[in-house]
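Novice: Sharing a structure below in structure tokens format, with a few things to ask.
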There are 2 protein chains.
Amino acid sequence: MNLKQLAHMLALSQTTVSRALNGYPEVNEETRRRVMDAAKRHGYRPNPSARRLATGKSGMIGYVLPTGAAVDIDPHFVEFLSGLGDYARSHELDLVLSPADADDQETTYRRIVANRQVDAVYISSPRPQDSRVALVSTLGIPFLVHGRSEGFDFDYPYLDIDNEGAFHEAARLLVQLGHRRLALINGDDRETFAIHRERGVRRALAASGLSLGERHVCSVVMTEENGYRATRRLLEEGDAPTAIACSSLIMALGVVRAVRDLGLTIPGDVSLIAHDDVFPWLKPENFSVPLSTTRSSIRLAGARVAERLAARISGLEEGARGEVWPVDLVVRGSVAGAPA
Amino acid sequence: MNLKQLAHMLALSQTTVSRALNGYPEVNEETRRRVMDAAKRHGYRPNPSARRLATGKSGMIGYVLPTGAAVDIDPHFVEFLSGLGDYARSHELDLVLSPADADDQETTYRRIVANRQVDAVYISSPRPQDSRVALVSTLGIPFLVHGRSEGFDFDYPYLDIDNEGAFHEAARLLVQLGHRRLALINGDDRETFAIHRERGVRRALAASGLSLGERHVCSVVMTEENGYRATRRLLEEGDAPTAIACSSLIMALGVVRAVRDLGLTIPGDVSLIAHDDVFPWLKPENFSVPLSTTRSSIRLAGARVAERLAARISGLEEGARGEVWPVDLVVRGSVAGAPA
DNA sequence: CAAAAAAGCCAAAGCGCTTTGGAAGACTCT
DNA sequence: AGAGTCTTCCAAAGCGCTTTGGCTTTTTTG
């Protein structure tokens with residue numbers, strides 16, 4: 001059932017039927033109702049390929065997926081996706097993942113924009129002066145950054161959580177508890193979120209005349225194994241920290257294992273606070289010692305990103321609005337006063 | 001730069017240029033070279049929307065993503081996606097995720113097929129007599145099932161791992177080590193993989209005149225917390241198992257925690273074997289006691305699924321070929337002889 | 001060497017929609 | 001009543017590609 005047939009069976013022109021369906025004003029309400037009705041009754045759905053060719057709009061949002069044998073997709077991605085999908089579903093938006101060589105995403109961005117394959121894109125895990133952000137904003141496609149970039153002479157729309165604030169609060173709490181030597185086990189420090197977290201910790205320490213020792217900050221890919229290794233190194237060297245802030249629950253697993261392997265305890269010997277993106281399959285309250293966390297649902301962020309992208313596509317949102325979500329500090333058993 | 005312009009500048013018809021580019025035989029090789037050359041030089045890329053409208057082919061593969069506030073996407077998904085994306089990239093295939101109400105995926109399948117939005121789809125986490133498999137095979141779109149369904153009177157193409165064989169081997173090893181009371185902490189037993197795994201365990205036990213106690217098999221969503229709870233229940237009741245087979249590494253985290261909480265040890269009191277889908281961020285060899293596993297890279301499966309889908313789209317693969325991958329049994333420190 | 005076959009190219013008709021530029025009729029205003 | 005203004009609809013021109021059917025020109029064949 002295509003437009004032509006529908007129009008014919010209504011004894012109307014394609015023009016009128018099309019307009020009636022798309023809510024244009026220049027059609028009699030009575031006629032519109034007839035058309036809508038017939039469309040529904042016959043299950044007419046405009047062919048998206050045709051509509052797309054005619055309008056250039058695809059009804060999809062895009063994401064360039066860095067791939068490669070040595071490239072791992074962040075497990076946070078599925079949670080983000082859950083939220084994004086949940087919103088997208090209610091608006092009949094599809095998501096296109098365009099795999100790209102991790103070292104050359106530009107080609108892919110250019111392709112999907114030139115081909116008008118998607119109406120908007122989002123960018124995740126941005127770095128300072130992220131070339132994707134610069135590229136996409138010149139390409140002129142609606143977009144949204146999940147996270148933040150820095151160091152541009154232009155603004156751009158983003159959704160981020162207050163990483164600096166979160167880690168500032170976490171560190172401040174630890175300092176209040178008497179800890180003097182903190183360590184930060186962070187994610188890849190080329191990414192903005194990691195930089196912000198480090199900044200937050202440093203700021204809290206500085207406020208009490210303390211500082212983050214050079215060897216007390218690790219920047220690693222956020223795996224259990226790396227959390228373990230970092231912790232071993234931190235605790236086995238002289239000047240070991242009495243408290244650790246950690247950028248992910250998965251790494252925290254490794255931290256806990258390392259502490260235990262060394263015959264130490266949490267929070268007796270080491271206090272621990274980790275960032276929790278809220279996974280259904282791994283919860284901080286279920287750690288052997290319930291884990292204190294800075295908590296922010298990445299799933300909600302996914303839903304919000306979808307919502308804002310939809311708004312930008314339809315022109316409801318414009319400009320370079322940045323949105324920063326506060327992060328909860330949830331205190332559980334893994335923090336205590338510094339050991340004597 | 002569109003076809004018309006390119007044709008005009010070559011003083012050829014659109015027909016000829018199109019044919020030259022698409023490898024049709026009825027064009028002079030000399031001419032074809034000229035065309036190819038000019039196309040490359042001017043960076044001509046046929047507009048996919050137009051091509052799509054004309055041919056009905058989209059160059060994308062589809063996946064219907066079940067969503068909803070209460071629906072969690074399996075974290076395995078990202079690893080699968082890594083593999084899929086890696087292959088898809090090399091063939092300029094994009095992946096379309098169409099979010100659907102988890103309770104009504106049929107509408108979405110029908111939509112994406114009717115709209116010819118994608119050239120092929122894959123289905124994951126199938127159940128016996130999975131309605132999606134039945135649906136998609138009547139819809140007549142190329143597809144592949146990742147996993148297996150059962151109980152149909154027709155065949156269908158799939159890629160699966162030998163879950164039954166894997167858990168059979170695992171259980172057999174435990175029995176050989178003298179264990180008489182095994183338990184299985186399984187995933188959702190409405191899914192085929194879980195059924196196969198249970199079948200594997202039962203078969204191994206039966207071969208030695210043993211059986212799986214009714215209370216010794218748990219079927220739960222595969223989270224750390226559920227692994228913990230199941231293990232507590234198993235070990236605190238009378239007739240506690242001395243060995244546990246577990247369907248995921250994430251649940252195994254909970255198993256380990258529960259065992260420890262109960263003041264027991266692995267493998268002294270309980271032997272443990274878990275299935276490992278090979279995550280970069282959580283490795284069985286890094287468990288406090290290195291974990292024995294049945295191992296199969298879900299990432300490789302993703303790549304293979306993409307490869308076969310591409311083959312089916314281009315007509316290189318046909319029919320209902322099923323492919324079952326063997327699973328490695330990797331023995332590490334978490335198994336030992338049954339306690340006296 | 002004429003007839004048949006093959007090679008190489010083209011004009012034009014889709015694919016199914018949106019949108020432009022009218023046009024006919026109904027309505028308002030002076 | 002005539003001019004002007006809405007209202008409501010339509011024919012037709014795209015969007016950029018593929019593909020059908022045909023038309024020349026060249027090559028092959030008996």
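The values are calculated or read from the model by the stated rules, or taken from the named source; none is laboratory data. Owing to the predicted nature of the structure, the values given are computational and were not obtained by experimental measurement. Counting neighbours? That spans all protein chains shown, and the Cβs are built from the backbone with ideal geometry, glycine included. For accessibility, only protein heavy atoms count, side chains too; no ligands or nucleic acids. Shrake-Rupley method; radii C 1.70, N 1.55, O 1.52, S 1.80 Å.
Novice: Please pick out the residue among B:R260, B:R229, B:R203 that is away from chain A (no Cβ under 14 Å) and either surrounded by fewer than 21 Cβ atoms within 10 Å (Cβ to Cβ) or touching a strand residue (DSSP E or B) at 6+ places or on another chain (Cβ under 7 Å) (or both).
Specialist: None of the other options fit; the residue is B:R203.
Novice: Another question, if that's okay. Looking at segment B:33-47 only, could you name the residues that are near DNA strand D (Cβ under 8 Å from one of its atoms) and open to solvent by 90 Å² or more (accessible area, probe 1.4 Å)?
Specialist: B:R45
Novice: Out of the residues in segment A:54-70 meeting the condition of being among the hydrophobic types (A, V, I, L, M, F, W, C) and either open to solvent by less than 20 Å² (accessible area, probe 1.4 Å) or more than 7 Å from chain B (Cβ to nearest Cβ) (or both), tell me which one is nearest to B:L53 (Cα to Cα).
Specialist: Residue satisfying both the conditions and the ranking: A:A54.
Novice: Is it the case, given these coordinates, that A:D155 is of a type outside the set (F, W, Y) and within 18 Å of A:R321 (Cβ to Cβ)?
Specialist: So A:D155 fits the description; yes.
Novice: Could I ask something else about it? For segment B:25-32, state whether one or more residues are open to solvent by less than 20 Å² (accessible area, probe 1.4 Å) and at pLDDT below 95.
Specialist: Yes.
Novice: Let me ask you something else. Do we find that A:A50 is closer than 19 Å to B:V96 by Cα and either in a helix (DSSP H, G or I) or open to solvent by 40 Å² or more (accessible area, probe 1.4 Å) (or both) in this structure?
Specialist: When the stated conditions are applied, A:A50 passes them.
Novice: Moving on. When segment A:1-26 is examined, which residues are found to be more than 7 Å from DNA strand D (Cβ to nearest atom) and farther than 18 Å from A:A50 by Cα?
Specialist: Residues satisfying the conditions are A:H8, A:M9, A:L10, A:G23, A:Y24, A:P25.
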